[in-house]
Amino acid sequence: MNTLRVVRASAAAFAPAAVMQVRAASKAAAVKKVSAGKKVATKKVSAKKPAAKKVVAAKKVQAKKAVKKTAVKKVVAKKVAKKAAKKTAAVKKAAAKRVKAAKAAKTAAKKAKAAKKQAAVAKRADAKKARAAKKAAAKKAKAAKVAKKAAAKKAKIAKKQAAVAKKAEAKKAKAAKKKAAVLKKKAAAAKKAAAKKAKLAKLKAKKAASPAKKRALAAKKAKAAAQKKAALARKRAAAKKNKLAAQKKAATLRKKAALAKRKAAVQAKKAKLAAKRKAVADKKKAIKAAGASNPYSLFVAKTTKGTKGKMSLKDVAAKWKNVSSAEKAQYAAEAKKNNAERQKVKASYKKAPTKYALYVKQNFAAAYAAAARTTSDRRQAFTVATKALSAKYKSSQ
């Protein structure tokens, strides 16, 4: 460069005045072109700045919305946890009540044993107690049904809540997608405008711009495009993460609802079984309290009472042989009374017959006789009669 300057200086010294004027004019034109190129570059940078600011503002808004969403989700989760705690407390209270009821049943059994030693008046009282126990068991069964219905309702509510949450999250995801699309369109429009400006600037600065400047501009554009691509990728990743989190939350809510439903069903089954077993035990106790229905078994019970297993059955049989016929008649009368009492207890525990059962009882004989005329096979006649009766009953209703 120094040698060139020296050469030019020496040439200028020896060149005529006209040549010097031409060279000065060419230098002024070159300076004007360079200043025009700089102005175009500054215009491009100023056009890109507002678009970048818009993108940053949109990102901030999205971040704030995401923080709000997470806060709301935490509040909802806390409420669900509180509801679950209340449910567990209610279940524990019900269990304590059942334990108390079991203790009360044990005390009632002890009273029944003491009442066996008393006379016929005590027996009637035991029968009344047995009826009361039956009513209590029926009430418990009803309560268990009510509890089952309540649990089913709660499970439905939980399911609906999960569905509502899922819909809300889907709506939010759609809104986020729409916003992203709008931002994308704006960025594309800004890009197009910048591209147009760049094209015009290129046409103006093509003659003046050097190859090095062209490369620098291309590098700048490539960098800006890469930055935009990276920003878009980050946005998509964030949207994907939010969607996955919402799906996981909905799945956990569904699982909790299913578990609550299963627990309620298991508890209802247990309550039903306990009520059934208690009713059977009460029935057996009531039948036992009525006394023996056989003269010999009544004699055995009376003779072995208070011996604590010291007297054998052979000794009891030998004593029974020595009992007079008058005493046997007394035992037989007492056994007959006990049997009548037993039948009363059994009848009190029997379920009332249905309308269809009464209808079959009234009309089965005639229907079977009519079917027997058509075939000699008894089984076939029975099936024909039952089918005819069910058809008639359905048509009459």
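The values are calculated or read from the model by the stated rules, or taken from the named source; none is laboratory data. All of these numbers come straight from a predicted model, not from anything done at the bench. Glycine also receives a Cβ, built like all others from the backbone with ideal geometry; neighbour counts cover every protein chain displayed. Only protein heavy atoms, including side chains, enter the accessible area calculation; ligands, DNA and RNA are left aside. Shrake-Rupley method; radii C 1.70, N 1.55, O 1.52, S 1.80 Å.
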List the residue pairs whose Cβ atoms are under 9 Å apart, where the first residue sits in segment 351-380 and is without any contact (Cβ under 8 Å) to a residue 24 or more places away in the chain and closer than 30 Å to V280 by Cα, the second is surrounded by 12 or more Cβ atoms within 10 Å (Cβ to Cβ) and of a type in the set (F, W, Y), and the two are 6 or more positions apart or on different chains.
K355/Y393
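Okay, residues lined up against (1) more than 21 Å from A147 (Cβ to Cβ); (2) open to solvent by less than 40 Å² (accessible area, probe 1.4 Å):
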position	(1), (2)
K269	no, no
K272	no, no
A275	no, yes
K283	yes, no
A286	yes, yes
A289	yes, yes
L298	yes, yes
T304	yes, no
Just name the residue that is nearest to K172 (Cα to Cα) out of those in segment 248-258 that are open to solvent by 90 Å² or more (accessible area, probe 1.4 Å) and free of Cβ contacts under 8 Å to residues at least 40 places away in the same chain.
K248
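Select from segment 323-338 the residues that are open to solvent by 50 Å² or more (accessible area, probe 1.4 Å) and touching a Gly at 6+ places or on another chain (Cβ under 9 Å) and list them in ascending order. Walk me through it before giving the result.
In the first step, residues of segment 323-338 are kept if they are open to solvent by 50 Å² or more (accessible area, probe 1.4 Å); the result is 324-330, 333-334, 336-337.
Within segment 323-338, E334, K337 qualify.
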Does E341 satisfy the condition of being among the acidic types (D, E), surrounded by 15 or more Cβ atoms within 10 Å (Cβ to Cβ) and in contact (Cβ under 8 Å) with a residue 60 or more places away in the chain?
yes
So, K392, is that one touching a residue at least 12 places away in the same chain (Cβ under 8 Å), open to solvent by 90 Å² or more (accessible area, probe 1.4 Å) and more than 48 Å from the chain's Cα centre (by Cα) or not?
no
From A130, A89, which residue is open to solvent by less than 80 Å² (accessible area, probe 1.4 Å), assigned to a helix (DSSP H, G or I), of a type in the set (A, V, I, L, M, F, W, C) and at pLDDT 80 or above?
A89
G309 fails exactly one of the following numbered conditions: (1) in a loop (DSSP other than H, G, I, E, B); (2) within 60 Å of the chain's Cα centre (by Cα); (3) surrounded by 13 or more Cβ atoms within 10 Å (Cβ to Cβ). What is the number of that condition?
(3)
Being open to solvent by 90 Å² or more (accessible area, probe 1.4 Å), modelled with pLDDT under 90 and closer than 30 Å to A275 by Cα narrows it down to one residue among K351, K346; which is it?
K351
With (1) open to solvent by less than 60 Å² (accessible area, probe 1.4 Å); (2) assigned to a loop (DSSP other than H, G, I, E, B) as the list, and A317 as the residue in question, which single condition is left unmet?
(2)
Looking at A18, A11, A52, A28, can you tell me which residue is of a type outside the set (K, R) and modelled with pLDDT of 75 or more?
A28
Would you pick out the residues in segment 161-199 that are in contact with a helix residue (DSSP H, G or I) (Cβ under 9 Å, 6 or more places away or on another chain), over 15 Å from A231 (Cβ atoms), open to solvent by 50 Å² or more (accessible area, probe 1.4 Å) and of a type in the set (D, E, K, R)?
K166, K172, K177, K197
Which residues, counting only those in segment 225-247, are of a type in the set (K, R) and open to solvent by 100 Å² or more (accessible area, probe 1.4 Å)?
K229, R234, R236, K240, K241, K243
How many residues are over 19 Å from A275 (Cα atoms) and modelled with pLDDT of 80 or more if we restrict to segment 142-153?
1
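Tell me yes or no: at least one residue of segment 182-192 is modelled with pLDDT of 85 or more and over 22 Å from Q62 (Cα atoms).
If we filter segment 182-192 for residues that are modelled with pLDDT of 85 or more, which is where we start, we get none.
Scanning segment 182-192, I find no residue that is modelled with pLDDT of 85 or more and over 22 Å from Q62 (Cα atoms), so the answer is no.
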The listed residue being assigned to a helix (DSSP H, G or I) and under 30 Å from K214 (Cα atoms), out of K145, K184, K159, K171
K184
